[in-house]
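**Q** Quick one: the structure is below, questions incoming.
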Amino acid sequence: MLERKGRKILAVDDTADNLLLLQVFLESEGFEVEVAESGSTALNRLQKSIPDLVLLDVMMPGMNGLQVTQEIRSNNRTLPILLISAHDKTQVQPGLDAGANGYIQKPIDFTQLLSRIEALTA
């Protein structure tokens, strides 16, 4: 198992309940979690501190996950980005094409989420 203590994750979702669920689960697994409720807030946080991984909801009002991915990639080619979507891969393909490292479907399977995070932050 990967040493998780000190690994930082930025979770981005416009739904407060989803953010809380992600934060509680990931912190219980030993990760440090910062949350952002919008794409623009996430980008502001990334200017101050770079996490080990970004968990990014695809469908958000204002700046969506695709736009956030494109903006991150214009400045940071290596930061792992894992998209979260209620839709299938065809809906997240533009985000993957923009440079996201993978995606996970809602409802989130937390065992699968943990495996993806560990693979991307190893």
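**Q** Which one is nearest to Thr90 (Cα to Cα) among residues in the stretch 16-61 that are of a type in the set (Gly, Ala, Ser) and crowded, with 19+ Cβ neighbours inside 10 Å? It would help to see each step written out before you state the result.
**A** To start, the set of residues in the stretch 16-61 that are of a type in the set (Gly, Ala, Ser) comprises 16, 28, 30, 36, 38-40, 42, 49.
Retained after the next criterion (residues that are crowded, with 19+ Cβ neighbours inside 10 Å): 36, 39, 42.
Values: Ala36: 25, Gly39: 21, Ala42: 24 Å.
Going through the qualifying residues, I end up with Gly39.
**Q** For the stretch 105-122, give me the residue count where each residue is crowded, with 17+ Cβ neighbours inside 10 Å and modelled with pLDDT under 95.
**A** 1
**Q** Right, next: Restricting to the stretch 1-58, and then to whatever is of a type in the set (A, V, I, L, M) and at pLDDT below 95, can you tell me which residue is nearest to Leu83 (Cα to Cα)? Steps first, please.
**A** From the stretch 1-58, those of a type in the set (A, V, I, L, M) are 1-2, 9-12, 16, 19-22, 24, 26, 33, 35-36, 42-43, 46, 50, 53-56, 58; that's our starting set.
Keeping just the survivors that are at pLDDT below 95 gives 1-2, 58.
Details: Met1: 23, Leu2: 21, Val58: 6 Å.
Taking the candidates together, the pick is Val58.
**Q** Out of (1) farther than 24 Å from Pro107 by Cβ; (2) surrounded by fewer than 18 Cβ atoms within 10 Å (Cβ to Cβ), what's the single condition that is false for Ile72?
**A** Result: Ile72 fails condition (2) only.
**Q** Report, by residue number, each residue of the stretch 11-41 that is within 13 Å of Ile72 (Cα to Cα) and out of contact with any helix residue (DSSP H, G or I) (no Cβ under 6 Å at 6 or more places or on another chain).
**A** Of everything in the stretch 11-41, those that are within 13 Å of Ile72 (Cα to Cα) and out of contact with any helix residue (DSSP H, G or I) (no Cβ under 6 Å at 6 or more places or on another chain) turn out to be Ser40, Thr41.
**Q** So, one more: Within the stretch 1-41, restricting attention to residues that are part of a strand (DSSP E or B) and without any contact (Cβ under 8 Å) to a residue 40 or more places away in the chain, which residue is farthest from Gln112 (Cα to Cα)?
**A** Taking the stretch 1-41 first, the residues part of a strand (DSSP E or B) are 8-12, 32-36.
Cutting the leftovers down to without any contact (Cβ under 8 Å) to a residue 40 or more places away in the chain gives us 32-36.
Details: Glu32: 19, Val33: 18, Glu34: 20, Val35: 20, Ala36: 22 Å.
If we take residues in the stretch 1-41 being part of a strand (DSSP E or B) and without any contact (Cβ under 8 Å) to a residue 40 or more places away in the chain, then Ala36 is farthest from Gln112 (Cα to Cα).
**Q** Based on what the data block shows, is Arg77 in contact with a strand residue (DSSP E or B) (Cβ under 8 Å, 6 or more places away or on another chain) and charged (D, E, K, R)?
**A** On the way: in contact with a strand residue (DSSP E or B) (Cβ under 8 Å, 6 or more places away or on another chain): no; charged (D, E, K, R): yes.
No; evaluated as a whole, the condition is false for this residue.
**Q** Which one is farthest from Ser38 (Cα to Cα), of the residues in the stretch 69-122 that are of a type in the set (Val, Ile, Thr) and part of a helix (DSSP H, G or I)? Full working, then the answer.
**A** Our first condition is that a residue be of a type in the set (Val, Ile, Thr); within the stretch 69-122, this holds for 69, 72, 78, 81, 84, 90, 92, 104, 108, 111, 117, 121.
Filter once more, keeping what is part of a helix (DSSP H, G or I): 69, 72, 90, 92, 111, 117, 121.
On the way: Thr69: 13, Ile72: 14, Thr90: 23, Val92: 18, Thr111: 25, Ile117: 21, Thr121: 23 Å.
Looking at the filtered set, the residue picked out is Thr111.
**Q** Quick one: in the stretch 42-67, of everything that is assigned to a helix (DSSP H, G or I) and polar (S, T, N, Q), which residue is farthest from Lys5 (Cα to Cα)? Don't jump to the end; show me each part of the working.
**A** We begin by selecting, within the stretch 42-67, every residue assigned to a helix (DSSP H, G or I); these are 42-48, 65-67.
Then keep just the ones that are polar (S, T, N, Q); that gives 44, 47, 67.
On the way: Asn44: 24, Gln47: 22, Gln67: 30 Å.
The selected residue is Gln67.
**Q** Considering every residue within the stretch 94-107, establish whether at least one is touching a helix residue (DSSP H, G or I) at 6+ places or on another chain (Cβ under 7 Å), farther than 21 Å from Leu19 by Cβ and not hydrophobic (A, V, I, L, M, F, W, C).
**A** Our first condition is that a residue be touching a helix residue (DSSP H, G or I) at 6+ places or on another chain (Cβ under 7 Å); within the stretch 94-107, this holds for 94-95, 98-104.
Of the ones still in play, those that are also farther than 21 Å from Leu19 by Cβ are 94, 98-99.
Remaining after also requiring not hydrophobic (A, V, I, L, M, F, W, C): 94, 99.
For the stretch 94-107, residues touching a helix residue (DSSP H, G or I) at 6+ places or on another chain (Cβ under 7 Å), farther than 21 Å from Leu19 by Cβ and not hydrophobic (A, V, I, L, M, F, W, C): present.
**Q** While we're here: Just give me the residues in the stretch 84-104 being charged (D, E, K, R), in contact with a Phe, Trp or Tyr (Cβ under 8 Å, 6 or more places away or on another chain) and modelled with pLDDT of 90 or more, in sequence order. Quick ask: steps written out before the conclusion?
**A** Residues of the stretch 84-104 charged (D, E, K, R): 88-89, 97.
From what is left, the residues that are in contact with a Phe, Trp or Tyr (Cβ under 8 Å, 6 or more places away or on another chain) are 89.
Across the stretch 84-104, there are no qualifying residues.
The values are calculated or read from the model by the stated rules, or taken from the named source; none is laboratory data. Just so it is clear, the model here is predicted, and its values are computed rather than measured. Note that each Cβ is placed from the backbone with ideal geometry, even for glycine, and that neighbours are counted across all protein chains shown.
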